[in-house]
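Okay, so here's the structure we're looking at.
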Amino acid sequence: MELTHFDEKGKGLMVDVSAKGDTERTAAAAGKITLSRAVYDAVEEGTVGKGDVLGIAMTAGIMGAKRTAELIPMCQIQPVTSCRIQFEMNPEESAVYCYCTVKTAGKSGVEMEALTGVSVALLTIYDMCKAMDKTMEIGEIYLCRKSGGKGMEVRNVKKSRKPADPLADLDIL
C-alpha cells in the first residue's frame, strides 16, 4: 500500500483530493476511560461538582470531531453532516466506554474525526473528574467501522470486549 502523505522527496504533504467526487462516508470509533470506584459512582449518580460529566463530554467530543483539521496537520477540512457521541457505563470494570460516529458527504473519509471525537470526549471526562482522582486511564481508542469512498469497508471488533461485538446494541453505523 502506497503512503499518500509524502511527496517524491519524502516530505509530508496534504493529499490533493480535488479530483475526487463527493460520496457519503461514515466512520465510528471507540475508546474507554477507567475510573476509581468513587469517581465512577459520582459520574453515574451525577454528583461530580463540575456538572453533568457525560453531557459535557458529549458536547466536547462533537466539537473535537468538527475541529479535527485544526489539530491533525494533514487532515482535510471535513463538512461534518452528523456526529453522535454515546457512552456505555461498565460497573464491573469501573469504566466508561465512548463511541463516536461521524458522517459526511465529501471527498475524504472521517476516520480521524471519529477518533478525535472519542479522544476529546474521554479527555473531557478526565478533566471534569481530575480533582477527585488523577489516576484515571484513557485507552483502547480505535476505529470500529468505516464506509464510503472508493476504499473498502472496514469493520474492527476488539476481541478483548464482551459481548463479541461491543457495538451490537449501539446506534452506530
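The values are calculated or read from the model by the stated rules, or taken from the named source; none is laboratory data. In this text, all values refer to a predicted model and were calculated from it rather than measured experimentally. All Cβ positions, glycine included, derive from the backbone under ideal geometry; neighbour counts span all protein chains shown. Accessible surface is based on the protein model in full, side chains and every heavy atom, while ligands, DNA and RNA are left aside. Shrake-Rupley method; radii C 1.70, N 1.55, O 1.52, S 1.80 Å.
Values as computed for the structure displayed
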| item | result |
| --- | --- |
| Within segment 64-76, tally of residues that are touching a strand residue (DSSP E or B) at 6+ places or on another chain (Cβ under 9 Å), surrounded by 13 or more Cβ atoms within 10 Å (Cβ to Cβ) and assigned to a loop (DSSP other than H, G, I, E, B) | 2 |
| Out of Thr124, Thr81, Thr116, sole residue that is closer than 21 Å to Gly51 by Cα and not aliphatic (A, V, I, L, M) | Thr124 |
| From the options Thr59, Thr47, Thr101, residue that is crowded, with 19+ Cβ neighbours inside 10 Å and either at pLDDT 95 or above or farther than 23 Å from Asn156 by Cβ (or both) | Thr101 |
| Lys150 vs. criteria farther than 27 Å from Ser94 by Cβ and buried (at least 21 other Cβ atoms within 10 Å of the Cβ) | no |
| Checklist (1) open to solvent by less than 10 Å² (accessible area, probe 1.4 Å); (2) under 11 Å from the mean Cα position of the chain (by Cα) applied to Ile125, failing item | (2) |
| Selected residue (only one of Thr47, Thr26, Thr34, Thr59 is β-branched (Val, Ile, Thr) and over 30 Å from Ile72 (Cα atoms)) | Thr47 |
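Listed here are the residues, each with its yes/no results for (1) hydrophobic (A, V, I, L, M, F, W, C); (2) closer than 18 Å to Thr26 by Cα; (3) in a loop (DSSP other than H, G, I, E, B).
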site	(1), (2), (3)
Gln86	no, yes, no
Met89	yes, no, no
Tyr97	no, no, no
Thr104	no, yes, no
Ser108	no, yes, yes
Ala114	yes, yes, no
Leu123	yes, no, no
Tyr126	no, no, no
Tyr142	no, yes, no
